[in-house]
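The numbers here are math on the coordinates, done by the rules we state, and not lab data. Predicted, not measured: the structure shown is a model, and the values here were computed from it. Note: ideal-geometry Cβ built from the backbone for every residue, glycine included; neighbour counts use all protein chains shown.
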Amino acid sequence: MKITIAKNSGFCFGVKRAVDIVEKLSSGRDKIYTNGPIIHNPQVIRSLSRQGVKTLNSSDDALRLRDGLLVIRTHGMKKDFPEAVSKKVRVIDATCPFVGRAQRIVKKLSAEGRKVIILGDAHHPEVEGLVSYAEDAAVIKTPREASKLDLRGRIGFLSQTTQSVGDFAAISRYIKKRNAEAMIFDTICRTTSLRQSEVEKLARKSDIMVVVGGKNSANTKRLAAISRKHTVTYHIETSRELKKSWFVGKKLSVGIAAGASTPDRITREVAGRIKKISAGR
Ligand code: SF4
């Protein structure tokens, strides 16, 4: 069995930066809180929780804090995140700089009186944050949804940082054809573009793809969806989910890709387990 791990796998710049910030802070004396999971990987969140890092579920939870440090997660926060929180606890911003750039673009487009169209998942915390910076916003998930929009007048278009490069390009062309004055900003981060094209190439030459990462991770789900268009694909969080029946008795070429919030250790464990399965162990 031939096993190939995608070169661009594992923690991206923004995730590594956020996890480093939290781990460093957790070795100090202060209690550490995050506004929601700092990244979308349950295994990493459990590990941080063992180090004493508490994940808050809402702004109300943050308002109830009396002391400690609150770390803003990679996906950012809503514009109206209560200012009162920073009067009680120190706030450390671990928003990924690429998400921060998208927030600034939404703010600028809004200040210019433009309606802001965002390609993304309306319920994802990053998108909820982006929408909060706009006076008037519409969120679309697919190119088909773009055809239902009123594209007249002053508009701007951008994307959640982890969306499909292909969908963004198709919608951009569609909008430009109908409104030449529309302002379009490609806010998909570089690591997302690289991983998507690498996964596509790897999936094309693999009999099976295993995509490793949080089931709640937008970028990992996107990689699995791209891969699924080309070959049999399994999305798992850890090696425990691997099934012998996927591999046994077959001479296969297996590709492995991991999302931007998946630790390398977990990806290596998956590769090791697949090797053992192929050796009949
Ligand atoms: S996937 Fe991109 S936007 Fe998201 S945390 Fe990583 S570098 Fe930042």
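With a Cα-only, solvent-free Debye model of the range 145-275, what are the log10 I(q)/I(0) values at q = 0.12, 0.22 Å⁻¹? Log10 I(q)/I(0), no solvent term: -0.54, -1.23.
Filter the cross-link list 88/221; 108/148; 24/87; 79/215 down to pairs whose alpha-carbon distance in this structure exceeds 29 Å. All intermediate terms of the calculation are to be shown ahead of the outcome.
Working: 88/221 37 Å; 108/148 25 Å; 24/87 23 Å; 79/215 27 Å.
Beyond 29 Å: 88/221.
One quarter of the convex hull surface built on the alpha carbon atoms of the chain amounts to 15.8 nm², the projected area averaged over directions.
Helical content of the chain, expressed as a calculated mean residue ellipticity at 222 nm, amounts to -12500 deg cm²/dmol (DSSP H runs of 4 or more residues, -39,500 (n - 2.57) each, divided by residue number, nearest 500). Scanning the chain for GluC sites (Glu not before Pro) lying in DSSP loops with no more than 11 further Cβ atoms inside 10 Å, the longest uninterrupted stretch between such sites is 1-111. Using +1 at the C-beta of Lys and Arg and -1 at the C-beta of Asp and Glu, which of 151, 124, 100 has the Cα lying farthest in the positive direction of the dipole of the range 98-184? Result: 151, furthest along the dipole toward the positive end.
When the listed pairs 7/78; 141/243; 201/275 are checked against a 25 Å cut-off, the alpha-carbon distance exceeds it for 7/78; 141/243. Distance between the C-alpha centres of the range 162-211 and the range 66-116: 25 Å, rounded to the whole angstrom.
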